[in-house]
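What follows is a single structure, written as structure tokens, with notes after it.
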Amino acid sequence: MITRTLSALRVRRRPGNPRQGWLTAGPFVLPVAIGRGGIKANKREGDGGTPRGTFRLKRLWWRGERHIRPPTLLPSRRIKADDGWCEDPASRHYNQPVKVPPGSSADRLARADHLYDFIIELDHNTRPRIAGRGSAVFIHAARPQFAPTAGCVALDIHALRKLIGRFGPRTRIVVE
């Protein structure tokens, strides 16, 4: 049962390592991986930067064949084998979920590793969507040793699972 949602998550760069940071979520301070390009005020597609700003948590995506649906007040969607995300600035579907045909090189959400077992979709570059300003910025599970992401915020999968239950439609993430 969800008793109280978090109003804000804060991400700050870790001193001495621009590819890692600290996430403050209520009383918790957790290590996170951020983009290989650090935190960027002027995010561009492919720069490896995590965008600076305040963003809404839009939706939880999860791998239903690997995990039961975690309790959350966020809208949620089970990841299917053909779910992907459009990262092509020339496409009218840029920075939106898409169906990926077999053999496509688009970003698939159903990955062989466990990084996308749980994805929190953020509203970065959504209203309005601007071609080339960055796509597929999520909160997801971290690689070993919190190796950098392509621009997302990544947590230990166990910490992420615990926090999902505290996320709701009014929760914001502030990347500083």
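The values are calculated or read from the model by the stated rules, or taken from the named source; none is laboratory data. Model, not experiment: these values are computed from the prediction. Please note: Cβ atoms are built from the backbone with ideal geometry, for glycine as well, and neighbour counts cover all protein chains shown. To get the accessible areas, we keep the full protein, side chains included, count just its heavy atoms, and leave off ligands, DNA and RNA. Shrake-Rupley method; radii C 1.70, N 1.55, O 1.52, S 1.80 Å.
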ask   = Hey, any idea what % of the chain's accessible area is carbon plus sulfur with a 1.4 Å probe?
value = 52 percent
key: the range 1-76, Cα convex hull volume normalised per residue, Å³   = 135 Å³
ask   = Given 10 Å bins starting at zero, what is the percent of C-alpha pairs of the range 90-144 in each, up to the one with the largest pair distance?
value = 21, 48, 30, 1
ask   = Considering only DSSP beta bridges whose two residues both sit in the chain, what percent are antiparallel, to the nearest 5?
value = 70 percent
note = Expressed as a whole-number percentage, the relative contact order of the range 113-164 with C-alpha contacts under 8 angstrom and at least six residues apart is 33 percent
task = Would you mind computing Rg(Cα) / (2.2 N^0.38 Å) for the range 72-165, counting N as its residues?
result = 1.09
request  = Kindly write out, for the range 26-42 in residue order, the coupling ³J(HN,Hα) from the Karplus curve 6.51 cos²θ - 1.76 cosθ + 1.60 (θ = phi - 60°), rounded to whole Hz, with x marking Gly and Pro.
outcome  = x, x, 9, 10, 10, x, 9, 9, 10, x, 4, x, x, 9, 10, 6, 10
query = Per residue, how many Å² of accessible area does the chain show with a 1.4 Å probe?
reply = 51 Å²
task = Give the Rg/Rh ratio for the range 34-83, taking Rg as the radius of gyration of the Cα atoms and Rh as the Kirkwood radius, to two decimals.
result = 1.10
Burial ranking of peptide ranges 133-140, 158-165, 86-93 (average Cβ count within 10 Å, highest at the top) = 133-140, 158-165, 86-93
query = Tell me, what HN-Hα J-couplings in whole Hz come from the Karplus equation 6.51 cos²θ - 1.76 cosθ + 1.60 at θ = phi - 60° for each residue of the range 68-78, using x for Gly and Pro?
reply = 6, 5, x, x, 6, 9, 6, x, 9, 8, 6
query = Based on the Cα gyration tensor of the range 1-154, what are the three equivalent ellipsoid semi-axes, each the root of five times an eigenvalue, rounded to whole Å and given largest first?
reply = 23, 20, 15
